[in-house]
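Trainee: Sharing a structure, written as structure tokens. Questions coming.
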Amino acid sequence: EIRDGETAEIALKAAQTGHLVLSTLHTNSTSETLIRLQQMGVARWMIASALTLIVAQRLV
């Protein structure tokens with residue numbers, strides 16, 4: 001689970017080096033995930049270069 005900026009950066013750096021990284025982040029939508037990562041202090045270029053897929057799950 002990604003709870004802070006340090007963990008987010010470690011996960012994204014691992015993804016940039018070719019590792020498969022699967023994690024959770026508590027947000028209400030996929031677009032909010034990008035905003036939350038930026039609020040954690042992760043650079044936009046790092047998010048863009050490392051992120052391949054965002055999946056959201058909502059209980060109905």
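Trainee: Looking only at the stretch 5-35, count how many residues are surrounded by fewer than 16 Cβ atoms within 10 Å (Cβ to Cβ) and out of contact with any helix residue (DSSP H, G or I) (no Cβ under 7 Å at 6 or more places or on another chain).
Mentor: 19
Trainee: Also, quick follow-up: If you check every pair at least six apart or on different chains, which have Cβ atoms under 8 Å apart with a residue in the stretch 44-60 that is under 15 Å from residue 32 (Cα atoms) first and a residue that is in a loop (DSSP other than H, G, I, E, B) second?
Mentor: 56/27; 56/29
Trainee: Continuing with the same structure: Checking residue 7 against (1) within 10 Å of the chain's Cα centre (by Cα); (2) modelled with pLDDT under 95, which test does it fail?
Mentor: Single failed check for residue 7: (2).
Trainee: Of the conditions (1) of a type outside the set (Lys, Arg); (2) exposed (fewer than 11 other Cβ atoms within 10 Å of the Cβ); (3) part of a helix (DSSP H, G or I), residue 47 satisfies every one except a single condition; which number is it?
Mentor: It fails just one condition, (2).
The values are calculated or read from the model by the stated rules, or taken from the named source; none is laboratory data. This structure is a prediction, so every number in the text was calculated from the model and none was measured. Neighbour counts run over all protein chains shown; Cβ positions are idealised from the backbone, glycine included.
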